[in-house]
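Let me begin by presenting the structure, written as structure tokens, before commenting on it.
The values are calculated or read from the model by the stated rules, or taken from the named source; none is laboratory data. What you see is a predicted model, and the numbers here were worked out from it, not measured in a lab. Ideal geometry is used to build each Cβ from the backbone, glycine not excepted, and the neighbour counts take in all protein chains shown.
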């Protein structure tokens, strides 16, 4: 009998139903065979024969080609992902949905590697620590995060007595914040105060 040189219409429809499914979702081989027009009595056998590379090499080849096309259509690439997020952001801004636009822009930044999600899990309470443990913990935090926070302790304020240290409320200023502004953070434990100067 020999192998046919071209696919029939029914074989192409069967292949498309196997790869893309029907209106109700994915289809089995038998369902695809029935939807393509094959007899319901032989649908399971027909579906098996059509996907057998020895019996129907052209159908198997066409199914493989359709699967590759589907993968390319839904492929996620960096450029496509960032472009799609940008498009979503623009549509959200046009509709006045600023929350959605911010989320889309944040997700673009995450995809580009601009954001790092970091979680710090704390064990124990600061109130349960002794003064030495608290000072050691503060030093460890400063050592661990100083490269990314640019934190330097203020030596003269560390040496002051607690009664001489004043707590200063930050003043609200209008306009832009300059990069050279600093603020003082005070940590108190059992009537002892220590200050840390943080550059913003």
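Structure notes:
- Considering the range 70-83, the residues that are surrounded by 10 or more Cβ atoms within 10 Å (Cβ to Cβ) and at pLDDT 80 or above include one that is nearest to residue 114 (Cα to Cα), namely 83.
- Selection status of residue 67, surrounded by 13 or more Cβ atoms within 10 Å (Cβ to Cβ) and closer than 30 Å to residue 7 by Cα: yes
- Test: residue in the range 98-119 that is modelled with pLDDT under 80, in contact with a strand residue (DSSP E or B) (Cβ under 9 Å, 6 or more places away or on another chain) and either over 28 Å from residue 77 (Cβ atoms) or loosely packed, with under 12 Cβ neighbours inside 10 Å (or both): no
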